[in-house]
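These notes concern the structure reproduced below.
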Amino acid sequence: MDLTADLIRAEAPAILVLLATALVYLGERRVHNYNYVYLTHVEGEELIPTLMKTYYRLVLLFPFVALITAFLLPRALVPIRATLPGIALIVLGFLSRSWSMRSLGRLWTQRCIYIADMPRATNGPYKFLRHPEYIARTVEGLGFILFFGLNPLSLLLWLRMIMLLSRVIKVESRQVHELSGAPLHLLDGSSTVGASKL
């Protein structure tokens, strides 16, 4: 009994980080479901659904895998554990993703949806970066690696996520290039210009 209590006490920060991550993911999933229905209703075409589903599954599983591998591997294979820098990167990634999602408003989903004549987003972090959410998720992943302990398995999974992202970004960049720039008029009579207000 004392061993279990000591283990829970020692891993309390990790448990809190995983709980917060799961709650954030559930919130994002709810927003995705709501926006996905809307975007498909305005005749959005979903591109690369399998790749996007695979990427977001990895995003969900990554913190848990990072914890389990750091916990189960011998200490010699987990040479670096930087809790405070890890937390800082996780929080930075979360805040950046939130800003990105807020800037896209009803246009944000966990899928790549093509809508003809949709202008490129230029508000919020999209003024400075083309793919701020993906950069934020990459930074957040690095934060999880540092927080739970740098180990080969977590690092390989993180690199796999980056490889998937490079494929997603190629498709999205091609999609942005094909867009004409005329605003799409949404069902409620508004346009996608200033989408964060939807």
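The values are calculated or read from the model by the stated rules, or taken from the named source; none is laboratory data. All figures in this text were calculated on a predicted structure; none of them were measured in a lab. Ideal geometry is used to build each Cβ from the backbone, glycine not excepted, and the neighbour counts take in all protein chains shown.
Quick notes on this structure:
- The residues on offer are 98, 103, and the sole one that is farther than 26 Å from residue 13 by Cα, polar (S, T, N, Q) and not in a loop (DSSP other than H, G, I, E, B) is 103.
- A count restricted to the range 50-75 and to residues that are of a type in the set (Lys, Arg) and modelled with pLDDT of 90 or more stands at 2.
So that you can scan it fast, the table gives a plain yes or no per residue for (1) buried (at least 18 other Cβ atoms within 10 Å of the Cβ); (2) touching a strand residue (DSSP E or B) at 6+ places or on another chain (Cβ under 8 Å); (3) modelled with pLDDT under 90; (4) under 30 Å from residue 82 (Cβ atoms):
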| site | (1), (2), (3), (4) |
| --- | --- |
| 108 | yes, no, no, no |
| 151 | yes, no, yes, yes |
| 160 | no, no, no, yes |
| 191 | no, yes, yes, no |
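- Within the range 89-106, tally of residues that are within 13 Å of the chain's Cα centre (by Cα), of a type outside the set (Ser, Thr, Tyr) and surrounded by fewer than 18 Cβ atoms within 10 Å (Cβ to Cβ): 4
- Taking the numbered list (1) touching a residue at least 40 places away in the same chain (Cβ under 8 Å); (2) assigned to a helix (DSSP H, G or I); (3) not aliphatic (A, V, I, L, M) in turn, residue 43 passes all entries but (2).
- Selection within the range 128-139 - within 18 Å of residue 54 (Cβ to Cβ) and assigned to a helix (DSSP H, G or I): 133, 134, 137, 138
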